[in-house]
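Student: The structure is given below, and queries will be raised subsequently.
The values are calculated or read from the model by the stated rules, or taken from the named source; none is laboratory data. Remember, predicted model here, so these are calculated numbers, not experimental data. Here the Cβ positions follow ideal geometry from the backbone for every residue, glycine too, while neighbour counts run over all protein chains shown.
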Amino acid sequence: MRPGIELMRLRTAPRHKSWIGARIVGLVGAVALAAGCASAPPRPVDPLSAEEHNDLGVAYYREGDYPSAAQAFRRALDQHPGFTRARVNLGDAELAQGAIDAAIAAYEAARTASPDDPAIANNLAWALLQHRERWPEAEPLVRGALARDPEPRGYYLDTLGLALLKRGAPREALDAFRTALDDAGLEDAPTRALVLRHAGDALARLGEAIAADRCYRLAAGVAGSRAPDLERAAAGGPDVRKVGGRDTVC
C-alpha cells in the first residue's frame with residue numbers, strides 16, 4: 001500500500017478540491033502572466049520555484065491529471081535535482097500512468113538520496129510488485145522498512161502481504177493483512193477497503209470462499225460509502241476499525 005501523495009511529503013490526506021482548483025488556477029496564472037509580460041528575454045525565465053512546481057504537480061495528481069503532474073514534478077527537478085520529495089512524487093505520477101519502469105527509476109533515485117527513509121522503500125517495493133520480473137525484490141525492501149518502526153505500519157504490512165501472496169504464502173499474507181487492519185493508524189475508509197480486498201484474495205487462495213466473499217462485500221461497502229465515520233461506512237456490518245488481528249470476519 002502506498003499512502004497518498006502530498007505537497008511537501010508523501011503522507012497526508014488529500015486537500016479539498018476547491019483548494020486544489022484555486023491552486024492550479026493561481027500557479028498556472030502566474031506562468032501565463034509572466035509569459036505575457038516578458039519582453040523576449042534571452043533565456044526563458046521560469047516564474048515558479050521548484051517547490052511551486054511540486055505543489056502544482058500534487059494538485060494535478062489529485063485531480064487525476066497524471067501526465068501534467070509528472071511534467072510539473074520534472075520541472076521541479078530541473079530546477080532542483082536533489083529535491084527528493086518531487087522525485088518520489090514523480091514516481092507516484094509515473095506509477096499512476098502504468099509506467100512501472102519509470103516509477104521504479106524515480107523511487108530508486110529517491111532512495112539513493114534518502115536510503116534510511118522507510119516510506120520511500122515502501123513505495124519502491126509497491127512499484128516492484130507490479131513488475132513482471134523484479135517483484136521478488138519487494139519483500140526484503142518492505143521488511144527493512146518495517147524494521148524501522150514506521151507509522152502507520154498498516155501501509156507497510158499491506159505491501160508485505162502482497163509480496164507474500166505473490167510468492168505463494170497466502171497464510172502469512174493473511175496474517176499481514178489482518179495485522180494491517182488492526183492498526184489504528186490505518187483509519188481512512190478507502191485504504192481499509194483495499195486491504196480488505198487483499199485479505200479476501202488471500203482467503204480465496206486458501207480455499208476459504210465464504211470468508212473471502214465476506215471480505216469482498218465488506219470492502220465494497222466501505223469503498224462505496226461517503227461517510228467519514230468508518231462505523232457508519234460499514235452500516236449493517238461489523239465495525240471496520242475492529243476487523244483485523246484475531247477478528248474472524250476476514
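Student: Here is a check on your reading of the model: is Leu157 at pLDDT below 95, among the hydrophobic types (A, V, I, L, M, F, W, C), closer than 17 Å to Ala119 by Cα and out of contact with any strand residue (DSSP E or B) (no Cβ under 6 Å at 6 or more places or on another chain)?
Tutor: Criteria not met by Leu157.
Student: Also, quick follow-up: Out of Ala193, Ala199, Ala211, Ala169, which single residue is out of contact with any helix residue (DSSP H, G or I) (no Cβ under 7 Å at 6 or more places or on another chain) and not assigned by TED's automatic domain parsing to the domain that holds Ala96?
Tutor: None of the other options fit; the residue is Ala169.
Student: Keeping to segment 113-122, report how many residues are aliphatic (A, V, I, L, M) and in a loop (DSSP other than H, G, I, E, B).
Tutor: 0
Student: Here is a list: Ala163, Ala125, Ala110. Which entry is assigned by TED's automatic domain parsing to the domain that holds Phe83, buried (at least 21 other Cβ atoms within 10 Å of the Cβ) and assigned to a helix (DSSP H, G or I)?
Tutor: Only one candidate qualifies: Ala110.
Student: Could you check segment 175-195 and list, in sequence order, the residues that are without any contact (Cβ under 8 Å) to a residue 40 or more places away in the chain and either more than 15 Å from Arg153 (Cα to Cα) or among the polar types (S, T, N, Q) (or both)?
Tutor: Result: Pro190, Ala193.
Student: Looking at the structure I just gave you, is Ala138 over 13 Å from the mean Cα position of the chain (by Cα), buried (at least 19 other Cβ atoms within 10 Å of the Cβ) and more than 24 Å from Pro67 (Cβ to Cβ)?
Tutor: Answer is yes for this residue.
Student: Return a yes/no flag: does segment 133-156 have any residue that is closer than 17 Å to Ala219 by Cβ and either assigned to a helix (DSSP H, G or I) or assigned by TED's automatic domain parsing to the domain that holds Leu206 (or both).
Tutor: yes
Student: What number goes with the only condition from (1) touching a Leu at 6+ places or on another chain (Cβ under 8 Å); (2) surrounded by 17 or more Cβ atoms within 10 Å (Cβ to Cβ) that Ala169 does not pass?
Tutor: Unmet for Ala169, out of (1) touching a Leu at 6+ places or on another chain (Cβ under 8 Å); (2) surrounded by 17 or more Cβ atoms within 10 Å (Cβ to Cβ): (1).
Student: At least 3 residues that are surrounded by fewer than 14 Cβ atoms within 10 Å (Cβ to Cβ) and at pLDDT below 95 in each: list the helices (runs of 4 or more DSSP H) lying fully within segment 1-103 that qualify.
Tutor: Correct list: 17-37.
Student: Of the conditions (1) more than 20 Å from Val195 (Cα to Cα); (2) within 14 Å of the chain's Cα centre (by Cα), Ser114 clears all except one; give me its number.
Tutor: The one condition Ser114 does not meet is (2).
Student: Kindly establish whether Arg111 is at pLDDT 95 or above, among the basic types (Lys, Arg) and closer than 26 Å to Pro150 by Cβ.
Tutor: Taking the combined requirement at face value, the residue satisfies it.
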